[in-house]
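Reviewing the structure listed below.
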Amino acid sequence: MKSSKCHIMAIMLLIPFLMFANGQNEKKSNSKPTVITFGSHQSGLPSSGIVQEIAKEYEKETGIKIEFQIVPDAQWRDLLKVKLNAGEAPDIFCADADPFSLYDRIRPDINCVDVTNEEFTSRMDKSVLPGISYNGSVYGITFPGPKIWYYFYNKEIFNNLGLEAPTSYAEFKAVSQKIKDAGITPVYEALQNGWHQVLPLFETGPYYEELEPGLYDKLNNNKMNVRKLAKLEEIITQLNEFAQLGFYGDDFMSNSVEGDFEAIANGEAAMVLEGYGWGQQLMQDYPEMKGKLGFFVMPWGDNQTIGINPGSNAYFANKRSENAQAALDFFAYLAKPENLEKRLAGDPQALNICWPEASSKMPPEYSAYYDAHKKGNVMQYGVKYIDTQWMDVGQDLEAMYVGAMTPADVMDSISRRRDEQATIQKDPAWVK
Amino acid sequence: MNNNKIYPIYFTFGMLFIYSIFVFLPGLIGIFYSFTDWNSFSDELNFIGLENYKTILKGDPIYLFYIGNTVKFTLLTTIIKTLIGFVLALVMINKNVRFRNIHRTIIFSPQVLSFLIVGLIFRSILHPSKGFLNTTLEAMNLGFLAKNWLGSIDWAFFSVIAVDIWKGVGYIMVVLIAGLNSIPQIYHEVAQIDGAGFFRRIIHITIPLLMPSITVVTVLNITYGLRVFDSIYVLTNGGPGYATGVVNTAVFKEFSKGRFGLGTAMSSLLFLFILLISYFLIKGLNKKAVEY
């Protein structure tokens, strides 16, 4: 009896091994379908899911599966760098791209496939190429049009309280106070994503440049320390004042950016800083908001200049991946004229894309407002070592809001990190 | 068990070889790199002596703050997990408790959950206005106890510790149950006849005889606590601000900035610290173990 039990146990133990061996043989006989891994942060792909839809169509046509790995915004930049450094990056990865931080962020020369001579590269808007190029070679494919951030506001709340869209910091503060007194959160702020709180600091870059012409060049050549940028410190101080006055509400430390649609539509909050296509998405999701949404330039530090960011997120094919060619084929598929139109139509937040052949969805009032204001490139696009520390500055601001740092400390941190990054990269303007 | 039975030393060679190649050698290589300026922007490797260690210990005070947080996290989680685990183990070996195995399974189950899932669940539970915890407190007219659990500098660290304890205490309980079951019942019976109460028996019989298990859980808790990363990464990402940052979140940050040399210096410090503390802990606690 004992011996037969032993035999039964031995056979049971052998079963998984036999199954595994059988599986191995099967794998050998049937070639595996290609699966391309696509890593991105939440904001790297349209929230409508249109890229995933196009990918499914691609799979139907070619049998090649695109496996999306989407990571929270707050973690993606660090995670991507660690994965690239460890040689474990996905076949395609999404990264924020601008001329000064591309090298620092993804080392395109060693990590990305050169797409300079691909057919699709010649069709992209020339203005976006610097953001995805390094040493004269193009390394990525990008779709979003230039990014602009406005404060959107609920006109109904403003009308009920007899308020006008503010054009200076004093007006912004007064408007917020009245909204708060009415029991509504004046500004929806969200720190969970880690990046949103940083926008007022650097999107107002063209205004700094306007006040001090040649500022970007001075900062890039280390002729001036960012610590001396008084307007930047003034804006950081104003942001802190807003937090201390309760203008962001009670939950802003735990809020996520994605929650702003509901907060504005339900009237819980009156204003939110968002990309200029955001309003279209809101009106699609909440049709009752049609005609109730206004917008204005962020008035921090009395700014009235529109900041334009020609760079945005871009997709890169991993040079070390065995699926590099398959990734390029997928890029070519995404860039087909009909798929560009499909992408634009399927993403309510995109008013245009950086492909001149694709049509624009820009509403006339947006164009008129845009034309009526001064504009310039944002600081993270024009100044070195700013975009790479975006999430760190986000943490600094968080620390400031909870009282662990002062605006002066935040300025010192920004300056120190610029010096560190320049030194480690042996920037000739820093390292003599 | 026959304590006199000695196996030949070469039985350990295979395991020692694998351990040396995959665990010990990378640690030593890491120590070597910690004396260099290894980074992601250059293929050159220059020896810079103790520069990275100076940056950690004398440079930006944030590194010392992270070391302090790591020690605080380790001490608090070790003590609280061991105490709660011990109490739960005592309850769960009591034959009067009905459905003991179901209770044990429920208490142990968080251990098998991925920290990513735990992080998502608790970030939702601990949301200040919409989270389950605060809305429940409000519903019970205990709104004054509601806090901004993960967004407040005063509470974030303790919230992370609480979640970590919730997740890990079941494992400690299981180890201690095994230890308690190995204590012969006769000691308790004799002490009871001699008039010893419950607490006297716990202090004079249970704890001394449980020392080998307590040693194991203490070493496990301490080495886990010093290496903590995932629970903090998914719950607060080191925030608010830098309030919940620990050594390993800083190492991750340095690696993401491409400063590998500095990152490995921090890892090396942690490696040496864990090595020393584990050695003295095992030595010290084993002295207190009672043979029976």
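Every read-out reported here was derived from the displayed coordinates using simple, explicitly stated rules and does not represent laboratory data. From a predicted model like this one, the values you see are computed outputs, not experimental measurements. Every residue, glycine as well, gets a Cβ built from its backbone with ideal geometry; the counts of neighbours run over all protein chains shown.
A few comments on the model shown:
- Under the shape rule built on the C-alpha gyration tensor, where the axes satisfy a ≥ b ≥ c, the protein assembly as shown is prolate, since a/c reaches at least 1.5 and a/b is greater than b/c.
- In degrees, nearest ten, helix A:50-62 long axis to first principal axis of chain A (Cα): 30
- The simple spin-label model puts a point 7 Å past each Cα toward its Cβ; for A:ASN117 and A:ARG320 those points are separated by 2.5 nm.
- Placing a label point 7 Å from the Cα of A:GLU88 along the Cα-to-Cβ line, the residues of the stretch A:316-333 whose backbone N sits under 18 Å from it are A:318-322.
- Computed from the C-beta positions of B:PHE158 and B:ILE203 and an R0 of 45 Å, the FRET efficiency is 0.95 to the nearest 0.05.
- Here the extension length gained between A:GLN52 and A:GLN304 equals 86.9 nm, from 0.36 nm per residue of separation less the Cα-Cα distance.
- Cα shape, the stretch B:131-283, gyration tensor, a/c 1.5 rule: oblate
- Per-residue Cβ neighbour rank within 10 angstrom, fewest leading, B:PHE65, B:PHE280: B:PHE280, B:PHE65
- Mean Cβ count within 10 Å, highest first, over the residues of peptides B:192-204, B:41-53: B:41-53, B:192-204
- Reducing the stretch B:1-67 and the stretch A:340-418 to their Cα centroids gives an inter-centroid distance of 41 Å.
- Here's the list of aspartates and glutamates a cross-link from A:LYS432 could span, going by alpha-carbon distance under 17 Å and ignoring same-chain residues fewer than 8 apart: A:ASP419, A:GLU420.
- Each Cα pair under 8 Å and six or more residues apart adds its separation to the average, and for the stretch B:96-212 the resulting relative contact order is 23 percent.
- This model, with +1 at the C-beta of Lys and Arg and -1 at the C-beta of Asp and Glu, gives chain A a dipole about its Cα centre of some 1380 debye.
- Distance in nm between pseudo-label sites at B:PHE11 and A:GLU59 (7 Å out along the Cβ direction from Cα): 5.1
- Site pair B:PHE32 and B:SER129 shows an inter-label distance of 5.7 nm when each label is modelled 7 Å from Cα along Cα→Cβ.
- When you restrict to C-alpha pairs under 8 Å that are six or more residues apart and normalise by the size of chain A, the relative contact order lands at 25 percent.
- Relative contact order, percent, chain B [alpha-carbon distance under 8 Å, six or more residues apart]: 29
- Each of A:TYR139, B:TYR171 has some number of other Cβ atoms within 10 Å of its Cβ, and from fewest to most they run B:TYR171, A:TYR139.
- Cβ-derived FRET efficiency at R0 45 Å, B:LEU83 paired with B:PHE24, nearest 0.05: 0.85
- Counting beta carbons within 10 Å around each of A:TRP278, B:TRP166 and listing the fewest first gives the order B:TRP166, A:TRP278.
- Here's the picture: charge each Lys and Arg Cβ at +1 and each Asp and Glu Cβ at -1 in the stretch A:284-351, and of A:MET289, A:LEU328, A:PRO310 the one pushed furthest to the positive end of that dipole is A:LEU328.
- Close Lys pairs in chain B, defined as Cα atoms under 27 Å apart and 8 or more places apart or on different chains, number 28.
- From most to least packed by mean Cβ count within 10 Å, the peptides A:198-205, B:181-188, B:71-78, A:288-295 give A:198-205, B:71-78, A:288-295, B:181-188.
- Taking amide H atoms as placed 1.01 Å from N in the peptide plane, the amide H of A:CYS112 lies under 5 Å from those of A:LYS319, each 5 or more residues away in sequence or on another chain.
- Ordering B:ILE274, B:ILE205, B:GLN192 by Cα displacement along the dipole of the stretch B:191-292 toward the positive end leaves B:ILE274 in first place; charges were set at the Cβ atoms of Lys, Arg (+1) and Asp, Glu (-1).
- Relative packing of A:160-171, A:403-414, which averages over residues the other C-beta atoms within 10 Å, highest first: A:403-414, A:160-171
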